[in-house]
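Notes to accompany the following structure.
The values are calculated or read from the model by the stated rules, or taken from the named source; none is laboratory data. The structure presented is a predicted model; accordingly, all values stated were derived computationally and were not measured. Reconstructed Cβ throughout: ideal geometry from the backbone, glycine too, with neighbour counts over all protein chains shown. Note: areas computed on protein heavy atoms with side chains; ligands, DNA, RNA excluded. Shrake-Rupley method; radii C 1.70, N 1.55, O 1.52, S 1.80 Å.
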Amino acid sequence: MQHGRVIRWTESDYLRAEREAVVRHEYVAGQLFAMAGGSKAHNTIALNIAARLRTHLRGRPCRAFIADMKVRVEGARSYYYPDVVVTCQAADLSPASPRDYLTAPSLIVEVLSASTETIDRREKLLAYAQLPGRLEYVLVDSASRRVDIYRQEEDGEMVLEIPAQDELVHLDSVRLALTFEEIYEESGID
């Protein structure tokens, strides 16, 4: 029989260690979970969306971040690394705000993979629903052309929209519409 000790990390110890870490970790209620690597398709899809957002948001009071920016979900005692995240909140963008995480994003995009889909669809959906404001949470499949958009209503409930491939993907939080061709360009996903 083997025994081991489960180490509980404080948020401050996690943030300090993560700044020096070679491998990124997500933090859930005192536990660390190493991040899985992404495929070429996964990275291409995330970059396509981030590039369109960056251009669209230029000159506006919002910023898009990709891959290395954490989102803190205080109510879930968690920190996650979304593939793409947008915030328009002064509390996230001011010089006095934390440099390595956001607390009030308006848009979070996760590109799904076989190893992360269950976590993205369950754990992160429930956690992100606790964030302040009206969040839009977008799940983009990296194996087939499918996009799920969860929009948080005023009462906190998340409503799901699944656009057809011949429809536009409306990101209401940032007033941007994308085609499936823009999202999946050069990803190899037909």
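Please go through the stretch 55-68 and give me each residue that is surrounded by fewer than 15 Cβ atoms within 10 Å (Cβ to Cβ) and either in contact with a Pro (Cβ under 9 Å, 6 or more places away or on another chain) or part of a helix (DSSP H, G or I) (or both), ordered by number.
Thr55
Can you tell me which residue in the stretch 19-51 is nearest to Tyr80 (Cα to Cα), limited to those that are in contact (Cβ under 8 Å) with a residue 24 or more places away in the chain and in contact with a strand residue (DSSP E or B) (Cβ under 6 Å, 6 or more places away or on another chain)?
Glu26
Would you point out the residue of the stretch 139-174, among those that are basic (Lys, Arg) and within 18 Å of the chain's Cα centre (by Cα), that is surrounded by the fewest Cβ atoms within 10 Å (Cβ to Cβ)?
Among those that are basic (Lys, Arg) and within 18 Å of the chain's Cα centre (by Cα), it is Arg146.
Looking at the stretch 12-54 only, could you name the residues that are open to solvent by 60 Å² or more (accessible area, probe 1.4 Å) and part of a helix (DSSP H, G or I)?
Ser12, Asp13, Arg16, Arg19, Glu20, Lys40, Asn43, Leu47, Arg52, Arg54
What about Ala177, is it of a type outside the set (S, T, N, Q) and assigned to a loop (DSSP other than H, G, I, E, B)?
When the stated conditions are applied, Ala177 does not pass them.
Outside any loop (DSSP other than H, G, I, E, B), within 15 Å of the chain's Cα centre (by Cα), surrounded by fewer than 20 Cβ atoms within 10 Å (Cβ to Cβ) and touching a residue at least 60 places away in the same chain (Cβ under 8 Å): is that true of Glu182 in this structure? So that I can check it myself, show each step before the final result.
Numbers: outside any loop (DSSP other than H, G, I, E, B): yes; within 15 Å of the chain's Cα centre (by Cα): no; surrounded by fewer than 20 Cβ atoms within 10 Å (Cβ to Cβ): yes; touching a residue at least 60 places away in the same chain (Cβ under 8 Å): yes.
No, not satisfied.
Listed residues Asp120, Asp141, Asp155; which is acidic (Asp, Glu) and at pLDDT below 95? Outline the logic, then answer.
On the way: Asp120 fails: at pLDDT below 95; Asp141 fails: at pLDDT below 95.
Within the list Asp120, Asp141, Asp155, the selection yields Asp155.
Condition check ((1) open to solvent by 40 Å² or more (accessible area, probe 1.4 Å); (2) touching a helix residue (DSSP H, G or I) at 6+ places or on another chain (Cβ under 8 Å)) across all residues:
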site: Tyr80; (1), (2): no, yes
site: Val84; (1), (2): no, yes
site: Pro105; (1), (2): no, yes
site: Leu125; (1), (2): no, no
site: Gly133; (1), (2): yes, no
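Taking strands (runs of 3 or more DSSP E) that do not extend beyond the stretch 69-150, which have at least 1 residues that are in contact (Cβ under 8 Å) with a residue 60 or more places away in the chain and under 18 Å from His56 (Cβ atoms)?
84-87, 105-112, 136-141
Which numbered condition trips up Trp9, out of (1) over 30 Å from Leu178 (Cα atoms); (2) open to solvent by less than 40 Å² (accessible area, probe 1.4 Å)?
(2)
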